[in-house]
Amino acid sequence: MTIRLERIDNDDGRTEFRIAVGTSEADAWETALSALVGLANGARPPSRKTSPEDNAARELPGKLLKRLRTECRMTQKEAAAIAGTTQTRISDFECGVRTIPHEIAVIFARRFGVEPGDFDVR
């Protein structure tokens with residue numbers, strides 16, 4: 001079935017949206033939209049529990065930063081400008097000489113579409 005979206009501008013200044021989906025897909029859509037509305041209202045997503053095997057398989061923060069940066073064809077100097085730091089510090093992060101501070105992890109997480117915790121030391 002085709003999904004239809006209708007925008008309704010009310011006289012009281014509110015805007016509503018109506019989504020029409022097939023009956024067989026309604027439960028899945030309700031779950032997904034409820035989660036989205038919860039996030040929009042400030043709810044935190046459920047935490048991901050990781051096993052020791054998961055942690056061992058995860059990339060080190062510096063290696064992750066370098067991989068994400070190079071996949072975007074971004075230089076260390078460009079990454080430094082985004083994070084408000086120096087190229088030398090970016091190099092130190094990538095080599096594991098320095099840990100990535102939380103405020104910089106948040107900037108990179110937003111830029112690369114990952115979680116800030118992905119840059120935490122394991």
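Since every read-out is calculated from the coordinates, none of them should be taken as a lab result. Because the structure is a prediction, the values reported are computed rather than measured. Reconstructed Cβ throughout: ideal geometry from the backbone, glycine too, with neighbour counts over all protein chains shown.
Taking the simple approach of a point 7 Å from Cα along Cα-to-Cβ for both SER34 and ASP9, what is their distance in nm?
3.3 nm
To the nearest 0.05, what FRET efficiency results for GLU115 and SER91 with a Förster distance of 30 Å applied to their C-beta separation?
The calculated FRET efficiency here is 0.80.
Mind listing the phi-derived Karplus ³J(HN,Hα) values for the stretch 78-88, rounded to whole Hz, using 6.51, -1.76 and 1.60 with θ = phi - 60°, and x for any glycine or proline?
Computed from phi, the couplings for the stretch 78-88 are 5, 4, 4, 5, 5, 8, x, 9, 9, 4, 4 Hz.
If you take log10 I(q)/I(0) by the Debye sum over Cα atoms at q = 0.12, 0.14 Å⁻¹ from the coordinates, which of (i) -0.62, -0.73; (ii) -0.42, -0.59; (iii) -0.68, -0.78 do you get?
The value matching this structure is (iii).
Could you give the length gained on full extension between THR23 and HIS102, defined as 0.36 nm per residue of separation minus the Cα-Cα distance, in nm? List each step's numbers first, then the result.
Numbers: separation 79, 0.36 × 79 = 28.44 nm, distance 4.44 nm.
Full-extension gain reported as 24.0 nm.
Just to check I understand the Karplus step: with θ = phi - 60° and J = 6.51 cos²θ - 1.76 cosθ + 1.60, what whole-Hz values come out for the stretch 96-112, glycine and proline as x?
Each residue's phi maps through the Karplus curve to give x, 6, 10, 7, 8, x, 4, 5, 6, 4, 5, 4, 5, 4, 5, 5, 9 Hz.
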